[in-house]
Amino acid sequence: MLDLTYEAPKAKVIAGAKHDWELVIGMEIHAQVSSNAKLFSGASTAVGAEPNSNVSFVDAAMPGMLPVINEFCVEQAVRTGIGLKARINLFSAFDRKNYFYPDLPQGYQISQLYHPIVGEGEVIVEMGPGVARRVRIERIHLEQDAGKSIHDMDPNNSFVDFNRTGVALMEIVSRPDIRGPEEAAAYVAKLRQILRYLGTCDGDMQHGNLRADVNVSVCRPGDYERYQATQDFGHLGTRCEIKNMNSMRFIQAAIDYEARRQIAILEDGGTVVQETRLYDPDKGETRSMRSKEEAHDYRYFPCPDLLPLEIEQAWVDDIAARMPELPDAKKARFMADYGLTDYDANVLTAELDAAHFFDEVAKGRDGKIAANWVINELFGRLNKEGHSIAESPVSAAQLGGLLDLLGDGTISGKIAKDLFEILYTEGGDPREIVEARGMKQVTDTGAIEAAVDQIIADNPAQVEKAKQNPKLAGWFVGQVMKATGGKANPAAVNDLVTRKLGL
Amino acid sequence: MSIDVETARRVAKLARIQVDESDLAALAGELSGILTFMEQLNEVDVTGVEPMTSVTPMRLKRRADVVTDGNIQEAVLKNAPESREGFFVVPKVVE
């Protein structure tokens, strides 16, 4: 298992007009559960369908319709909880969160306020080699997503589509353990990576399948340590919640703006009002969502349509036994088994597809050389052309074959790059290509010797010069390589040239 | 617990129920009466009694993750006061 010990990063300090301030950030991440059907109905979760076509009478909240829970969505939440080293609650229950909005036909969201399915866990957020923030997870609960309103199709009306209504969401709530905008973005990135490894959420932020509410407050240096020692929120400042952000860049910009806004108020002798705010990326500022304030009386009560959700420990154990290898463990294994650097291990474990690809290339081969080829040659080329690893024209088996030829001296490093180019553009079996196109490295010293003798015999003037200035031996090496089409073993050529010139 | 006129007005607004100003006082009185009646339950000592969630011992029914419903756009929209191009049409709501 992972035995890396991390040092905590320093909290971000913002210098105010009067003195220094620190940030305290907690996040609520809404992650759409990957499933075929919705949380409480048999309608599809697929995107891109005709409006209101993936809607059942349950989702449309027709009178008399009753919710029936999708067991797989429960399993996904449990799997996520295990992945975040969290306590799984065998007893959980659903509550109604009441509010009126056109995209919520029930007039309430079925959620889990009092008894969430997952309790306390943690996420290790790396901020550099050996430096990481441990962000505590307070809880994860299951709830229904809302529909979508479209405001730009008509000047006087909004259009509403319930296709997303009732799709399962996991709300992942952190403790206020995040201490700066960069940490906040890194936390979202790490959580996204874990969810994608687990297969419980696709992490597509652009389509809102992963979105964040960010709670920001500011305090004086030392206050946060007092909070951590006592867990008494009284040591922290009043927080504002910035709703619904789905870009790492905006999350950082919004936190930075919001912190400076609060600092300006406090230094001016004012008080921060606890409220919900919205980030406007065009203006680069947050503004109050005053309309939300009164609606914030949700009048939660236990949902009378649903019995408590009781799950069995044996089922949880079975899910735990089928857990995939997670990012931290995979990174540690890549470093320990393949001797990768921290940086290379991070690059290769960022996405699961890339990690699988590398694993296959590196298995039974030199890990460092494999990492070098996968990162520099393959990723470099794919990035340049805007392709993902899944679209790679070179398979792991082909790249592995190339590394075998390079490793056993059949081809030189230079020829290997030519071979990679052929594999990338034309495809084929590496060994067959090398055979068919005569790309084998010439290690037969007799053949190389003949070439060296020929070059020396043809260039007596150069030979004289080289005897005066041994650095010119490089010219002979170059000529021999040229004469052999780059296939001569460079080390052997070097040796022979030096010896024959008597240097 | 007693409900004053202001609370009655707020509850009505949250529930989107239109109540005439002149009816609020009477409503507040009725709501207070209901709550006072319910409060009699507080006299029972329930220390150590687990909350009852069902009268019969039942397990929450579950469904497999299979698409079995949907594709009834026309039926879903049938009761809507206004619909266009497959969407529900509502008065403009912009945050």
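Just round it to a whole percent: the fraction of Cα-Cα distances in the protein assembly as shown exceeding 43 Å.
Considering the protein assembly as shown, 40 percent of its Cα-Cα pairs are separated by more than 43 Å.
For chain B, just say rounded, prolate or oblate: build the C-alpha gyration tensor, square-root its eigenvalues into a ≥ b ≥ c, call rounded for a/c under 1.5, and beyond that prolate if a/b exceeds b/c, oblate if not.
Here chain B falls in the oblate category.
Would you compute, from DSSP H runs of 4+ residues alone, the mean residue ellipticity of the protein assembly as shown at 222 nm, taking -39500 (n - 2.57) per run and dividing by the full residue count, rounded to the nearest 500?
Rounded to the nearest 500, it is -11000 deg cm²/dmol.
Quick check on packing: order A:146-156, B:34-44 by the mean number of other C-beta atoms within 10 Å, highest mean leading.
Taking the mean over residues of other Cβ atoms within 10 Å, the ranking is A:146-156, B:34-44.
If you plug each phi of region A:326-339 into the Karplus form 6.51 cos²θ - 1.76 cosθ + 1.60 with θ = phi - 60°, what whole-Hz ³J(HN,Hα) values come out, in order, with x for Gly and Pro?
Going residue by residue, I get 8, x, 4, 5, 5, 4, 4, 5, 4, 6, 6, 7, 10, x Hz, with x marking Gly and Pro.
Mind computing the radius of gyration and Dmax over the alpha-carbon atoms of region A:321-436? Å is fine for both.
Final numbers for Rg and Dmax: 14.3, 48 Å.
Ratio of alpha-carbon Rg to the 2.2 N^0.38 Å globular estimate for region A:1-119, to two decimals, please. Let's see the in-between values first.
On the way: Rg = 20.3 Å, N = 119, 2.2 N^0.38 = 13.5 Å.
Dividing the Cα radius of gyration by 2.2 N^0.38 Å gives 1.50.
Among A:27-34, A:471-478, A:189-196, how do they line up from the highest to the lowest mean number of other beta-carbon atoms within 10 Å?
By packing density, highest mean first, the sequence is A:27-34, A:189-196, A:471-478.
Order A:347-354, B:13-20 from most to least packed using the mean count of other Cβ atoms within 10 Å.
Result, highest mean Cβ count within 10 Å first: A:347-354, B:13-20.
Exposure proxy check: A:Leu278, A:Leu503, A:Leu378 ranked by fewest other beta carbons within 10 Å?
If I rank by nearby Cβ atoms, fewest first, I get A:Leu503, A:Leu278, A:Leu378.
Quote to one decimal, in nm, the extra length available between A:Asn376 and A:Lys18 on full extension: 0.36 nm per residue of separation minus the C-alpha distance between them.
Additional length available on full extension: 124.0 nm.
I need the phi-derived Karplus couplings for region A:45-62: 6.51 cos²θ - 1.76 cosθ + 1.60, θ = phi - 60°, integer Hz, Gly and Pro marked x.
Residue by residue, region A:45-62 yields 9, 4, 9, x, 7, 3, x, 6, 9, 8, 9, 9, 5, 5, 5, 7, 6, 5 Hz.
Enter the mean number of other protein chain beta carbons within 10 Å of the beta carbon of each residue in A:30-42, as an integer.
3
Based on the Cβ-Cβ distance from A:Ala264 to B:Gln18, what FRET efficiency comes out when R0 is 56 Å, to the nearest 0.05?
Working: r = 42 Å, r/R0 = 0.75.
With a Förster radius of 56 Å, E is 0.85.
Separation between the A:Thr238 and A:Arg437 pseudo-spin-labels, each 7 Å from Cα along Cα→Cβ, expressed in nm?
7.0 nm
Taking every residue in A:152-163, how many Cβ atoms of other protein chains lie within 10 Å of its Cβ, on average?
5
Provide the per-residue ³J(HN,Hα) series for region A:446-456, in order, calculated from phi with Karplus coefficients 6.51, -1.76, 1.60 and θ = phi - 60°, each as a whole number of Hz, with x at glycine and proline positions.
Going residue by residue, I get x, 5, 5, 4, 4, 5, 5, 4, 4, 5, 5 Hz, with x marking Gly and Pro.
I'd like the mean, over residues of A:63-75, of how many other protein chain beta carbons sit within 10 Å of each residue's own Cβ. Each step should come with its number before you reach the end.
Working: counts 0, 0, 0, 1, 2, 4, 4, 5, 6, 5, 3, 3, 1.
So the per-residue partner count for this stretch is 3.
For the charge dipole of chain A, defined by +1 on Lys and Arg C-beta atoms and -1 on Asp and Glu C-beta atoms about the Cα centroid, which residue among A:Ile448, A:Leu378, A:Gly474 has the Cα displaced farthest towards the positive pole?
Among A:Ile448, A:Leu378, A:Gly474, the one farthest towards the positive end of the dipole of chain A is A:Gly474.
Bear in mind these aren't lab numbers, they're just calculated from the coordinates by the rules spelled out. These numbers come from a predicted model, not from an experiment. FYI the Cβ positions are ideal-geometry reconstructions off the backbone, even for glycines, and counts take in every protein chain you see.
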